[in-house]
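Accompanying notes for the structure given below.
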């Protein structure tokens, strides 16, 4: 096992609200509200990466829970965008493209997932359940 020690300063800021680590494997670990003046140990894949998902205004997923085809609609134009599906560990389990606002998730096992879609510079990350 290898390790990396990193020390950094906040500059003029007074607090850290979130630490996000992007690993070479594609996993993203997100730690919200870390302690101040302390040590933070991050082990790849042990935080969910979806503890505090981005706000998903005017975005809906249906049916939820889904069996095979997930419909995605929102205020932004999401119909033919690239998507990434993450499992509860933050692991990338699927990548694809929405086709007319739909994504075939029939190949996923039952569980809770997060879909990440970027449109017009805004990323939405709503959760869904696969039956």
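At a glance:
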| quantity | calculated |
| --- | --- |
| Boolean, residue 95 is in a strand (DSSP E or B) and either free of Cβ contacts under 8 Å to residues at least 24 places away in the same chain or touching a strand residue (DSSP E or B) at 6+ places or on another chain (Cβ under 7 Å) (or both) | yes |
| Residue 24 being surrounded by 10 or more Cβ atoms within 10 Å (Cβ to Cβ), closer than 15 Å to residue 91 by Cα and either within 20 Å of the chain's Cα centre (by Cα) or modelled with pLDDT of 75 or more (or both) | no |
| Members of segment 103-121 that are more than 13 Å from the chain's Cα centre (by Cα) and modelled with pLDDT under 90 | 119, 120, 121 |
| Residue within segment 71-84 that is within 21 Å of residue 20 (Cα to Cα), surrounded by 12 or more Cβ atoms within 10 Å (Cβ to Cβ) and either in contact with a helix residue (DSSP H, G or I) (Cβ under 6 Å, 6 or more places away or on another chain) or modelled with pLDDT of 90 or more (or both) present | yes |
| Matching residues, segment 113-131, being free of Cβ contacts under 8 Å to residues at least 60 places away in the same chain and surrounded by 13 or more Cβ atoms within 10 Å (Cβ to Cβ) | 113, 115, 116, 117, 118, 119, 122 |
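The values are calculated or read from the model by the stated rules, or taken from the named source; none is laboratory data. Owing to the predicted nature of the structure, the values given are computational and were not obtained by experimental measurement. Cβ: placed from backbone, ideal geometry, glycine included. Neighbour counts: every protein chain shown.
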